[in-house]
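Heads up: the structure comes next, in structure tokens.
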Amino acid sequence: MTTDSDPTHFLDIDDVSHDDLLTILEQAGEYKRAQRAGEEHADLDGRTLGMIFQKPSTRTRVSFETGMTQLGGHAVFLGEDDIQLGRGEPLKDTARTLSRYVDAVMARVFKHENAEVLAEYSSVPIVNGLTDDAHPCQTLADLLTIREHMGGLEDVSAVWIGDGNNVAQSFALGAALTGIDLTVATPPGYGIDDAVLNRARNLGGDPTLTTDPVAAVSDADIIYTDVWISMGQEDERDVRMNDFEGFQVCSDLLEHAPEASVMHCLPAHRGEEITDAVIEGDRSIVFDQAENRLHAQKALLSWVLE
């Protein structure tokens, strides 16, 4: 439905200020407490979220849909082939139409430019549920998880190992916003985009870049990895498997980081970027991280709508 003021969009993590980010994380923690206590928290009673999916999902769909239900609202799944996008309707027409029906739109699309077009033409908030360039909702859950396990976000040393993909890029910006000391260990040619690194530096961050995962983790509190082969990169599999040799998060690597907890945004390709023993081990906080998608996104929806 149309609004009288400009909507608050959330296309990447640095669309929010440091203070607003902390407010969202604090609210996420409160929603988590309330949900576990069985307390009603219908802060979005009567509100509707439209959810556009060009890419398949487990965590994104279920967490947003469940989150809206717990907040007293309603979510509508809009697969590309279920709406006129699949028949060539321009994104700007979809955005303007949905704005007359729903209170916010979550879009999980391929090109980041598609999310930007939706935001340009929508009169309700657009939330980026994932693009090829960014995954800010995942970063919210990541920061909430680190905050819970480390007792805060200051004086935390985190290491990203593997591909400098969309998850890595949003996480680098989130680390810069919150003061996390970040090291990024990638093979040559697979690093985070220079423009994203510059944005992180403008936020006060100074990511350390290396091609040596063992050296990277020596002082780590958090070790974070993701798949080496993302959706749409399947034809690069053989090359990538060769290039990422030595970057697996395994028991041998953890011996160099005796105090570190391990994160993964899921889905994991067990035996590739991370071993089964690590993801199932007592230093894994992967499933706390997955749960926190629900609570962080509820707080985000409340923030963009209220």
Of all residues being part of a loop (DSSP other than H, G, I, E, B) and of a type in the set (Asp, Glu) in the stretch 268-295, which is nearest to residue 162 (Cα to Cα)? Just the residue, please.
273
So for the stretch 246-262 (the condition being in a helix (DSSP H, G or I), within 26 Å of residue 34 (Cα to Cα) and either among the hydroxyl-bearing types (Ser, Thr, Tyr) or within 17 Å of the chain's Cα centre (by Cα) (or both)), does at least one residue qualify?
no
Checked the stretch 280-296 for anything surrounded by fewer than 21 Cβ atoms within 10 Å (Cβ to Cβ), under 30 Å from residue 8 (Cα atoms) and basic (Lys, Arg); matches are none
Using beta carbons and a limit of 9 Å, which pairs, at least six apart or on different chains, have the first residue in the stretch 13-30 and crowded, with 17+ Cβ neighbours inside 10 Å and the second one β-branched (Val, Ile, Thr) and in a helix (DSSP H, G or I)?
13/139; 16/23; 16/24; 21/13; 21/178; 25/178
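Looking only at the stretch 64-98, count how many residues are closer than 30 Å to residue 34 by Cβ and polar (S, T, N, Q).
Step one: filter the stretch 64-98 for residues closer than 30 Å to residue 34 by Cβ, giving 64-78, 98.
When the remaining residues are screened for being polar (S, T, N, Q), the result is 66, 69-70.
Residues flagged as closer than 30 Å to residue 34 by Cβ and polar (S, T, N, Q) within the stretch 64-98 amount to 3.
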Please return the ranges of strands (runs of 3 or more DSSP E) entirely within the stretch 89-173 where 2 or more residues are out of contact with any Leu (no Cβ under 6 Å at 6 or more places or on another chain) and outside the structural domain of residue 53 (by TED's automatic domain parsing).
157-161
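Kindly indicate which of 299, 277, 268 is among the small types (Gly, Ala, Ser), assigned by TED's automatic domain parsing to the domain that holds residue 70, surrounded by 12 or more Cβ atoms within 10 Å (Cβ to Cβ) and under 27 Å from residue 63 (Cα atoms). Before you say what the answer is, go through the steps one by one.
Details: 277 fails: assigned by TED's automatic domain parsing to the domain that holds residue 70; 268 fails: assigned by TED's automatic domain parsing to the domain that holds residue 70.
None of the others qualify; the one that does is 299.
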Could you check the stretch 197-239 and list, in sequence order, the residues that are in a helix (DSSP H, G or I) and in contact (Cβ under 8 Å) with a residue 40 or more places away in the chain?
199, 213, 214, 216
Of the numbered conditions (1) without any contact (Cβ under 8 Å) to a residue 60 or more places away in the chain; (2) over 15 Å from residue 128 (Cα atoms); (3) within 16 Å of the chain's Cα centre (by Cα), residue 58 satisfies every one except a single condition; which is it?
(1)
Quick check on this structure: which one of 108, 147, 96 is surrounded by fewer than 19 Cβ atoms within 10 Å (Cβ to Cβ) and not β-branched (Val, Ile, Thr)?
96
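Within the stretch 62-72, is there a residue that is of a type in the set (Gly, Ala, Ser), farther than 30 Å from residue 89 by Cβ, outside any helix (DSSP H, G or I) and touching a Leu at 6+ places or on another chain (Cβ under 8 Å)? Write out each step before concluding.
First, the residues of the stretch 62-72 that are of a type in the set (Gly, Ala, Ser): 63, 67, 72.
Add one more test, that the residue is farther than 30 Å from residue 89 by Cβ, and what stays is 72.
Within this subset, residues satisfying the condition of being outside any helix (DSSP H, G or I) are 72.
Adding the requirement that they be touching a Leu at 6+ places or on another chain (Cβ under 8 Å) leaves 72.
Yes, the stretch 62-72 contains at least one residue that is of a type in the set (Gly, Ala, Ser), farther than 30 Å from residue 89 by Cβ, outside any helix (DSSP H, G or I) and touching a Leu at 6+ places or on another chain (Cβ under 8 Å).
The values are calculated or read from the model by the stated rules, or taken from the named source; none is laboratory data. Everything numeric here is computed off the predicted structure, so don't read it as measured data. Positions of Cβ are backbone-derived with ideal geometry, glycine not excepted, and every protein chain shown enters the neighbour counts.
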